[in-house]
Amino acid sequence: MRYPLHVATDMMKWQVKNKLQGRKRYPVVLMLEPLYTCNLACVGCTPERHTGDLKDRLSLGESLQAVEEAGAPVVSICGGEPTIYPELPELIAETIARKRHVIVCTNGILLERLFQKTKPHERLTLNIHLDGMRETHDFVCARDGVFDKAIEMIQVGKKLGYTVCTNTTVFRETSMAEIEEMFKLLTGLGIDNMLVSPGYHYEALQDHHFLFRQEIHQKFKRVLALSKQYRLGSTPLFLQFAAGERDYPCTPWGNVTRTPFGWKGPCYLIGEKYFKTWDEFWTGVDWEYWEKREDPRCHDCLMHSGFEASVARTFPESSKDMWTMARWMFS
């Protein structure tokens, strides 16, 4: 299967539960950023994600409260660099005890710390950031040796029995031939799946590395073709959307984000406002406005954080899409 069976069944149960309760909007993934401290300053990363002070992190109690409040069946622990978070082993264990699926998003540099303090679990996935082959990835990370360390940690993680995936951002300079080369390498290492997402251009990121809509469509037509050969974690419906072959409204509430500043609204990428409490956040964001993608900052956004959730909430409306997703899931 593309993902562990319990991930699919937990997601289905969560959707059915919310529909029976008459809820139109509900999170499917919690993006939990317990700290903004990082050991890298990557190209494309906003400043707060690599300049945060460790003392300003969320406590273990605050992190678990966010897990409870969001209710989402999947918790993606990111940041910052989560392996720097002192309470990470306890956070993983307590979140798994709450029957959530945990994804640790990491650059891999300090994964040995985690290997010493955790054990593989069916509800735990390691998601290692990898933006290309050695020269490209080390350039994006602004440090030599990061690619080699990531590859080493993928190999160690697989040998120890962890579920290991990768997350790749496609930039303007990204060579799609290199992406295919990376897919071949990772497939040979026995990677469980590979997530690919565009780095899109919006107001907060005035940088020539980021893509506008037509550039994203062009590059993701190639990604969509490669998905027929390689085990990608991005759904075929999302890849069709990123390639310009279908359209979706956004689902900004699908991947809610808790940070050291509070709940981030309206979405994982656009921090227009931070809310102190869950209730203030959930009732204080104009979801209808952001869903329509009319804000200038949304025009070029084709990110999985807003649109894989759109796939999840709309594919049951089409028997063809349901069949596509079923074939993909069990491939």
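Overview of values
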read-out	value
Matching option when the condition is surrounded by 17 or more Cβ atoms within 10 Å (Cβ to Cβ), more than 18 Å from the chain's Cα centre (by Cα), modelled with pLDDT of 95 or more and of a type in the set (A, V, I, L, M), among 104, 146, 67	146
Top-ranked residue of the range 82-101 - restricted to ones that are under 21 Å from residue 192 (Cβ atoms) and among the charged types (D, E, K, R), ranked as nearest to the chain's Cα centre (by Cα)	100
Close pairs from the range 108-128: first within 16 Å of residue 76 (Cβ to Cβ) and surrounded by fewer than 20 Cβ atoms within 10 Å (Cβ to Cβ), partner small (Gly, Ala, Ser) and at pLDDT 95 or above, Cβ under 9 Å, at least 6 apart	121/93
Of all residues in the range 149-187 being hydrophobic (A, V, I, L, M, F, W, C) and more than 24 Å from residue 223 (Cα to Cα), the one that is surrounded by the fewest Cβ atoms within 10 Å (Cβ to Cβ)	160
Residue count, the range 248-273 (criterion: surrounded by fewer than 16 Cβ atoms within 10 Å (Cβ to Cβ) and without any contact (Cβ under 8 Å) to a residue 24 or more places away in the chain)	2
Search result, residues across the range 284-331 that are of a type outside the set (D, E, K, R), in contact (Cβ under 8 Å) with a residue 60 or more places away in the chain, crowded, with 20+ Cβ neighbours inside 10 Å and in a helix (DSSP H, G or I)	298, 304, 305, 307, 309, 310, 311, 312, 325
Qualifying positions in the range 88-103 - charged (D, E, K, R) and in a helix (DSSP H, G or I)	90, 94
Selected residue (criterion: surrounded by the most Cβ atoms within 10 Å (Cβ to Cβ)) from residues of the range 13-29 that are touching a residue at least 60 places away in the same chain (Cβ under 8 Å) and β-branched (Val, Ile, Thr)	29
Members of the range 255-270 found to be closer than 30 Å to residue 180 by Cα and either part of a strand (DSSP E or B) or modelled with pLDDT of 95 or more (or both), listed by number	255
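The values are calculated or read from the model by the stated rules, or taken from the named source; none is laboratory data. On a predicted model such as this, the values are computed, not experimentally measured, just so you know. No Cβ is skipped: glycine too gets one built from the backbone with ideal geometry, and neighbour counts run over all protein chains shown.
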